[in-house]
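The values are calculated or read from the model by the stated rules, or taken from the named source; none is laboratory data. Here the structure is a predicted model, which is why all the values come from computation and not from measurement. All Cβ positions, glycine included, derive from the backbone under ideal geometry; neighbour counts span all protein chains shown. We work out accessible area using only protein heavy atoms, side chains counted, and drop any ligands, DNA or RNA first. Shrake-Rupley method; radii C 1.70, N 1.55, O 1.52, S 1.80 Å.
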Amino acid sequence: MNGWKKIDAAVRATAKVKIAATDTLGADLFTDKSDAEKQVVEDAAAINVLQDRLFAERKRALLVVLQGMDTSGKDGTVRGVFNVTGPLGVIVTPFGRPSEEELAHDYLWRVHAVTPKKGFIGIFNRSHYEDVLVVKVRKFASAEAIEQRYDQINAFEKHLTENGVTILKFMLHISKEEQAKRLQERLDKPEKRWKWNASDLEDRKLWGDFQDAYETMLRRTSTQHAPWRVVPADKKWRRNAIISAIVRGTLEEMDPQYPAFDWKPSDFVIE
Ligand code: ADP
């Protein structure tokens, strides 16, 4: 078995996943920090080459979904894993509170509109899963409506995968203690203060409710076509190493090809 497959198997969510019993450190996945950092550099270079082939092929797309509590490292993952991927073929889309226009449509409307085109890697920083997470915890929609969404999301993602989009869903799993440290850093470090948002404290008070909503999400939407990975994210370097290994391995399995041509270079003379 390839190294990445072992890592992937270790972090796959099962239908019976218990989030409270799921490790946030993952110490046995990567033991050595500098080895892990070296691997991320190698993976990033490989992802860049594979992305170029995906872009040239223009037949398929990769969608990377990042979910996690505040401070779990969604932005950091984008920076850490995709920092050398050519910007032409990667599009990052953050999902914040829906606008009035978005709320006037069904909740998947704004999501489908920004799924990656053929040839692209699309990264969702938060996603349609907010509609069964914050929306559930804060009761922005009825329990009946939310209950229906799990199946609707599964059907939506099946539709995407059947139309050439490979989906990788990562839940960045941090402990409540680690979140406290990271929030405190946002107060203490001037260069991090811009990230401070007092409303994060309100969500923190609802930690248990959010964890329950995450657990239900993992159980109900971990499908064969789009399984969840629960990434231990208390250590940023390990989180990046796990995700870069899985992204690289997935792209290698997709094995995008440069297109074939019905002409030979010798058919042309450049004068
Ligand atoms: P981030 O916290 O990801 O850095 P923002 O400060 O823009 O970015 O926060 C996004 C906020 O939007 C989060 O609090 C998130 O819960 C909220 N949000 C995202 N999607 C929805 C949704 N569908 N309904 C309500 N709130 C949402």
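Among the residues of segment 110-126, write down those that are near the ligand (Cβ under 9 Å from one of its atoms) and touching a residue at least 60 places away in the same chain (Cβ under 8 Å). Within segment 110-126, 126 is the sole residue that qualifies. Residues of segment 219-240 include none that is assigned to a helix (DSSP H, G or I), open to solvent by less than 10 Å² (accessible area, probe 1.4 Å), touching a Lys or Arg at 6+ places or on another chain (Cβ under 9 Å) and not polar (S, T, N, Q).
Among 107, 129, which is the only one that is assigned to a loop (DSSP other than H, G, I, E, B), aromatic (Phe, Trp, Tyr), within 13 Å of the ligand (Cβ to nearest atom) and open to solvent by less than 50 Å² (accessible area, probe 1.4 Å)? Within the list 107, 129, the selection yields 107. It is to be established whether one or more residues within segment 60-69 are within 16 Å of the ligand (Cβ to nearest atom), out of contact with any strand residue (DSSP E or B) (no Cβ under 6 Å at 6 or more places or on another chain) and in contact (Cβ under 8 Å) with a residue 40 or more places away in the chain. Yes, segment 60-69 contains at least one residue that is within 16 Å of the ligand (Cβ to nearest atom), out of contact with any strand residue (DSSP E or B) (no Cβ under 6 Å at 6 or more places or on another chain) and in contact (Cβ under 8 Å) with a residue 40 or more places away in the chain.
Within segment 71-80, can one find any residue that is touching a Ser or Thr at 6+ places or on another chain (Cβ under 7 Å), part of a helix (DSSP H, G or I) and among the hydrophobic types (A, V, I, L, M, F, W, C)? No: zero hits. For segment 183-211, the tally of residues that are in contact (Cβ under 8 Å) with a residue 12 or more places away in the chain, away from the ligand (no atom under 12 Å from the Cβ) and not hydrophobic (A, V, I, L, M, F, W, C) stands at 2. A Cβ distance below 6 Å, combined with a sequence gap of six or more or placement on separate chains, defines the contacts here; from segment 133-156, residues that are modelled with pLDDT of 95 or more and open to solvent by 20 Å² or more (accessible area, probe 1.4 Å) reach residues that are within 9 Å of the ligand (Cβ to nearest atom) and of a type in the set (Val, Ile, Thr) in the pairs 141/135. Looking across segment 81-99, the residues that are open to solvent by 20 Å² or more (accessible area, probe 1.4 Å) and part of a helix (DSSP H, G or I) come down to 87, 88.
Looking across 102, 177, one residue alone is free of Cβ contacts under 8 Å to residues at least 40 places away in the same chain, open to solvent by 40 Å² or more (accessible area, probe 1.4 Å) and more than 12 Å from the ligand (Cβ to nearest atom). It is 177.
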